[in-house]
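The values are calculated or read from the model by the stated rules, or taken from the named source; none is laboratory data. Not measured: the values here are computed from a predicted model. Cβ placement follows ideal geometry from the backbone for every residue including glycine, while neighbour counts extend to all protein chains displayed.
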Amino acid sequence: MIGRLIVGAHWLDAWLQVHLGRPYRVVLAIGLVVGISASIHDLSRSVASSTNILKIVGMVLFQLALLINQLAQLHEHRERRRARRNAKTQD
């Protein structure tokens, strides 16, 4: 079931990129920046509000993993944009 969900999400993402193009990519970029900001805010709030050290460590590790993932997605998005821009200038 997870495999079908992943394949379906990949197909939908590709379809949206083809049919909506730039507006879809702009929404994704904005979403990534907002998500990264929210992760940083949640991370600082989690550390400030908890007294259990194991809970703090768990929340910090989880939030850092999400932040790393979002930064990687932002990097991939920027690299795709750069590659498209370079391909246009070489034509």
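In segment 55-70, the residues that are under 17 Å from S37 (Cβ atoms) form Cβ pairs under 7 Å with partners that are surrounded by 15 or more Cβ atoms within 10 Å (Cβ to Cβ) and among the charged types (D, E, K, R), at six or more places apart or across chains, as follows: Q63/D42. Does any residue of segment 9-16 turn out to be aliphatic (A, V, I, L, M), in contact with a Phe, Trp or Tyr (Cβ under 9 Å, 6 or more places away or on another chain), surrounded by 12 or more Cβ atoms within 10 Å (Cβ to Cβ) and on the phi < 0 side of the Ramachandran plot? Within segment 9-16, one or more residues are aliphatic (A, V, I, L, M), in contact with a Phe, Trp or Tyr (Cβ under 9 Å, 6 or more places away or on another chain), surrounded by 12 or more Cβ atoms within 10 Å (Cβ to Cβ) and on the phi < 0 side of the Ramachandran plot. Residues in segment 45-60 that are surrounded by fewer than 11 Cβ atoms within 10 Å (Cβ to Cβ) and either in a helix (DSSP H, G or I) or within 11 Å of the chain's Cα centre (by Cα) (or both): 4 in all.
Can you say whether R25 is in contact with a helix residue (DSSP H, G or I) (Cβ under 9 Å, 6 or more places away or on another chain), modelled with pLDDT under 85 and assigned to a helix (DSSP H, G or I), as far as the supplied structure shows?
In short, yes.
Mind listing whichever residues of segment 72-87 are under 8 Å from the mean Cα position of the chain (by Cα) and either among the small types (G, A, S) or surrounded by fewer than 14 Cβ atoms within 10 Å (Cβ to Cβ) (or both)?
Result: A72, single match.
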